[in-house]
Amino acid sequence: MRDTNLVLGGKEFSSRLIVGTGKYASMEVMKQAHEASGAQIITVALRRVSLPSGESLLDHLDTTRYTLLPNTAGCYTADEAIRTAYLAREAGLGEMVKLEVIGDSRTLFPDVLGLLEATKTLAREGFIVMPYTNDDPVTAKKLEDAGAACVMPLGAPIGSGLGIRNPYNIKIIIETVTVPVIVDAGVGTASDATIAMELGCDGVLMNTAIAGAQDPVEMARAMNLAVEAGRLAYRAGRIGKKLYATASSPLEGVPEWTS
């Protein structure tokens, strides 16, 4: 049962785990966690590229090994997000962009109207747009129609660690769109990543769940295994759920004992 790779913007990736660069205790821990995760795509918040030390975050990332995914975190309007994406392209970070247009500073839920507007504009300008969105199948379909290369519904609010709060909506999104579906935000531990993949998602993106763990490197390794396990389980096909027991050792054909 040979699997296919994740395809985004015409480029193939064997890893279905995407990781971030924020909240790590040190650059060394971040690099070790990236290694343990097996990820091939790493997100970079463009507004946080400059470090307090005066260095650039990009100095600590091996761009020959990882595909950088600039994101528009912190943008609250479509225009702001579009400008940030242009800046990323001009800085040589390519045309793949994780698009965030935030609608509320407390929940960090997306502004759907702004997200759709920015997706249309950037897709028209040749960007590979990967929009962070809510878990609404209607919005997901509109984003696909607007030119999104994938849709990235939240599992739960960013950084909350609550896991997949509405697996039914995620499943409907998977059935509604033809582009890849990547769960973004809310993952707290390895089982959350596995659940997302078992639903049929094409990938999982996370940052806080790894960077905020007591041992980020070990958690990164766990997430790597969890994504692989969930993908394998999805492709293998789980048994149906039943209300009552079914004997694992059927009695049909077994001779009766006589005294």
Among residues other than Asp62 whose Cβ falls under 13 Å from its Cβ, what is the net charge (Lys/Arg +1, Asp/Glu -1)?
0
How much length, in nm to one decimal, is gained on full extension between Glu175 and Ile239, taken as 0.36 nm per residue of separation minus their Cα-Cα distance?
21.1 nm
With +1 assigned to the C-beta of every Lys and Arg and -1 to the C-beta of every Asp and Glu, and no other charges, what is the dipole magnitude of the range 116-237 about the Cα centre in debye, to the nearest 20?
140 debye
Just the C-alpha atoms of the chain: what Rg/Rh do they give, with Rh taken as the Kirkwood radius?
1.06
Fraction of alpha-carbon pairs over 20 Å apart in the range 32-125 - percent
41 percent
When you have a sec, figure out the Kirkwood radius of the range 122-259 from all distinct Cα pair distances and drop it here in Å to one decimal?
16.8 Å
Hey, if you drop one equal point scatterer on each alpha-carbon of the range 181-243 and run the Debye formula without solvent, what base-10 log of I(q)/I(0) do you get at q = 0.21, 0.22, 0.23, 0.28 Å⁻¹?
-0.76, -0.81, -0.87, -1.14
For Asp111, what is the net charge nearby, where nearby means another residue's Cβ is under 10 Å from its Cβ and Lys, Arg count +1, Asp, Glu -1?
-3
In 5 Å bins starting at zero, report the fraction of Cα pairs in the range 65-119 per bin as a rounded %.
4, 24, 29, 21, 13, 7, 2, 0
Relative contact order of the range 135-244 (C-alpha contacts under 8 Å, at least 6 apart) in percent is 24 percent
Hey, which of these cross-link pairs are over 24 Å Cα-Cα: Lys171/Lys241; Lys142/Lys171; Lys23/Lys141; Lys98/Lys171; Lys142/Lys242?
Lys23/Lys141; Lys142/Lys242
Can you show me the helix-derived [θ] at 222 nm for the chain, built from DSSP H runs with n ≥ 4 at -39,500 (n - 2.57) apiece and divided by the number of residues, rounded to the nearest 500.
-10500 deg cm²/dmol
Looking at the chain only, what percent of DSSP beta bridges run antiparallel? Nearest 5 please.
20 percent
Heavy-atom accessible area of Val151, protein chains in place, probe 1.4 angstrom, given in Å² to nearest 10, is 0 Å²
Within the range 185-227, whose backbone N sits under 18 Å from a point 7 Å along Cα→Cβ of Glu35?
211, 215-225
Please report, in whole Å³, the volume per residue of the convex hull around the C-alpha atoms of the range 143-189.
70 Å³
With all protein chains in place and a 1.4 Å probe, Ser105 shows an accessible area in Å² (nearest 10) of 90 Å²
Find the relative contact order for the chain and round it to a whole percent, using C-alpha pairs within less than 8 Å whose residues are 6+ positions apart.
18 percent
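The values are calculated or read from the model by the stated rules, or taken from the named source; none is laboratory data. This is a predicted model, so every value here is computed, not measured. All Cβ positions, glycine included, derive from the backbone under ideal geometry; neighbour counts span all protein chains shown. These area figures cover heavy atoms from the full protein model, side chains too; ligands, DNA and RNA do not enter into them. Shrake-Rupley method; radii C 1.70, N 1.55, O 1.52, S 1.80 Å.
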